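One structure is given here, and the rest of the page talks about it.
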Amino acid sequence: MHIASQPDKKPFLRLAFPTMLVVLAIIVGWMSHINSETVAAASFAPTQWTYALPADLCPGGNDDDCHAGSPALADINGDGYDDVVAVTNKGHIVALKHDGSLLWDTDVAPYFNMPAGTNEIHSSPAVADIDGDGYLEIAVGVGTYQPNVCTFGGVIVLNHQGHVEPGWPILGFDSSTSPAGCPSSFFSTPALGDMDNDGDLEILAAGFDKRIYAWHHDGSPLPGYPPSSNHAIRFPTWKDFKGKLGDMTWGSPSLVDLDNDGFLDMLIATGEGNFDDRWGGRLGWLGLSLPAALELGARILRWFNLCL
């Protein structure tokens, strides 16, 4: 706007601009007041119910409030109300009704050949009718993330009554992850989907043993899994890339039909990084430098822009 060319409008503009600022300030102040009242009301909203979960002490402390898994909500008992499925750092899977009363509490440790209450769960539960029987099942990754604690890690599937399904649990490999002699943990939350289009669901999860797994609902392996690292193409003589990745995986898989071929694809973030050609024939590790990472990010953005 060229105010100098319209001298008759100068007084109006000089008055209107500060007036607009005052009105804006009043509106912002009023919205802040409303928001603060809403937050305050939410902060003092009555708790519907609480339930004390079986808990173990957190690493390096005296607290027992370090449950890492997020609860899942689903109608486990078929009464028309969503129930709560929670997991604990003491290795329990707990199902609670919508009113907070207990449906069942399953300690997974004995199914992993461990004393009761000695395993851990830090994965979140995945819930679906995986075998098509009309009832929901619960799949969970099991095992510790503490480097100096021995647990038997793997994946377990329970039915809607908290009983272990036939063919489960599946234990991880005893990999190079310390401590030795302990099957590797599964921090990953399982993904559930019909990978082979046979009408039932498969269970996919990644372990600290550097492998990405896929199983049928009965625990039998899906052909093609665990996949080899992409680096196996560049370094075919490196045995550590056969049927596994270059490093452990904390991430959880996602399932989607990316290429519209009628079959689900699996996406997952891994920790295997980039192996530089300078390592030759021996196993080595090199992360992306900042310029290389920025260039990779720019390439990904260009690819997405072409696809949109």
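The values are calculated or read from the model by the stated rules, or taken from the named source; none is laboratory data. Bear in mind the structure is a predicted one, so any value in this text is a computation, not a measurement. Neighbour counts run over all protein chains shown; Cβ positions are idealised from the backbone, glycine included. Keep in mind that these areas ignore ligands, DNA and RNA; they rest on the heavy atoms of the full protein, side chains included. Shrake-Rupley method; radii C 1.70, N 1.55, O 1.52, S 1.80 Å.
Brief remarks on what is shown
- Some residue of segment 192-204 being surrounded by 20 or more Cβ atoms within 10 Å (Cβ to Cβ), under 22 Å from Lys90 (Cα atoms) and out of contact with any helix residue (DSSP H, G or I) (no Cβ under 8 Å at 6 or more places or on another chain): no
- Single condition Pro125 does not satisfy, out of (1) at pLDDT below 95; (2) buried (at least 23 other Cβ atoms within 10 Å of the Cβ): (1)
This table checks each residue for (1) over 19 Å from Thr270 (Cβ atoms); (2) among the β-branched types (Val, Ile, Thr).
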residue	(1), (2)
Gly143	no, no
Asn148	yes, no
Val155	no, yes
His163	yes, no
Ala180	yes, no
Pro183	yes, no
Glu202	yes, no
Asp218	yes, no
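- Pairing residues of segment 217-229 that are within 15 Å of Ala205 (Cβ to Cβ) with residues that are hydroxyl-bearing (Ser, Thr, Tyr), at Cβ distances under 9 Å and at least 6 apart in sequence or on separate chains, gives Pro221/Tyr213; Leu222/Tyr213; Tyr225/Tyr213; Pro226/Tyr213.
- Hey, Ala116 open to solvent by 10 Å² or more (accessible area, probe 1.4 Å), closer than 18 Å to Ala55 by Cα and among the aliphatic types (A, V, I, L, M) or not: yes
- Checklist (1) part of a loop (DSSP other than H, G, I, E, B); (2) over 15 Å from the mean Cα position of the chain (by Cα) applied to Val157, failing item: (1)
- Note on segment 56-103: among residues that are within 18 Å of Tyr135 (Cα to Cα) and among the acidic types (Asp, Glu), the one that is most open to solvent (accessible area, probe 1.4 Å) is Asp82.
- When the test is whether a residue is of a type outside the set (Asp, Glu), part of a strand (DSSP E or B) and crowded, with 20+ Cβ neighbours inside 10 Å, Leu255 does not pass it.
- Within segment 208-242, considering residues that are at pLDDT below 90, assigned to a loop (DSSP other than H, G, I, E, B) and open to solvent by less than 20 Å² (accessible area, probe 1.4 Å), the one farthest from Tyr145 (Cα to Cα): Phe235
- Looking across segment 258-271, the residues that are in a loop (DSSP other than H, G, I, E, B) and free of Cβ contacts under 8 Å to residues at least 40 places away in the same chain come down to Leu258, Asp259, Asn260, Asp261, Ala269, Gly271.
- Criterion applied to Ala139, Ala180 was being touching a residue at least 40 places away in the same chain (Cβ under 8 Å) and either farther than 17 Å from Trp250 by Cβ or in contact with a strand residue (DSSP E or B) (Cβ under 9 Å, 6 or more places away or on another chain) (or both), and the one residue passing it is Ala139.
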